[in-house]
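The values are calculated or read from the model by the stated rules, or taken from the named source; none is laboratory data. These figures come from a predicted structure and were not determined experimentally. Neighbour counts are summed over all protein chains in view; Cβ atoms, including those assigned to glycine, are modelled from backbone coordinates with ideal geometry.
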């Protein structure tokens, strides 16, 4: 970090060196603009390390949220996605830092997290895959994977990753799917076509979902 050369415009907000004692105390010295400069340039300064950090995904979620908060002008249409990012950030912080989770529980008792839910005789599990729609005349299934299950103000909600359906493997008789980190909020009541949870398999670097039968929309 000490050898990093700041650009002409960022030099005025160059943060002071980070000392080991600062990290041990969970406190980084500097003004608000210096800290934000460090936060903003973090992936560039530590480009050789960021992909090895387990917590870097948390940074990316927070960075995307802040980019929208600080945008000018802001769009009202962003609010649902910003809510999704905020909840996802809280969940990831809760999973990584027990202290943060304890503080969150003290201030917001209405947000409860679960790993499994039985709702209307259907089992929903964290990291399971579900069909949420059928596309085109071929009835190609569209999938999402549940990341988190919440009970928020007496309402059940899922934070999900909407997966891409990349095709069908005849050899493996399974649908090939991939993630593009397209997160969203859905309700258990949103599932219309196939309410059974599915497993996600990996074969030869392909992610696969195997259905028990063909799905089709009702006429």
Go through (1) closer than 16 Å to residue 156 by Cα; (2) at pLDDT 80 or above for residue 46 and report which single condition fails.
(1)
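Tell me, please, whether a residue that is modelled with pLDDT under 85, within 30 Å of the chain's Cα centre (by Cα), assigned to a loop (DSSP other than H, G, I, E, B) and in the same structural domain as residue 61 (by TED's automatic domain parsing) can be found in the stretch 16-25. Full working, then the answer.
Pass one, the stretch 16-25, residues modelled with pLDDT under 85: 16-25.
Retained after the next criterion (residues that are within 30 Å of the chain's Cα centre (by Cα)): 18, 22-25.
Still in the list and also assigned to a loop (DSSP other than H, G, I, E, B): 18, 25.
Subsequent filtering for residues that are in the same structural domain as residue 61 (by TED's automatic domain parsing) retains 18, 25.
Yes: the stretch 16-25 contains one or more residues that are modelled with pLDDT under 85, within 30 Å of the chain's Cα centre (by Cα), assigned to a loop (DSSP other than H, G, I, E, B) and in the same structural domain as residue 61 (by TED's automatic domain parsing).
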Among the residues of the stretch 161-204, write down those that are surrounded by fewer than 17 Cβ atoms within 10 Å (Cβ to Cβ), over 23 Å from residue 114 (Cα atoms) and either in contact with a helix residue (DSSP H, G or I) (Cβ under 6 Å, 6 or more places away or on another chain) or in contact (Cβ under 8 Å) with a residue 40 or more places away in the chain (or both).
193
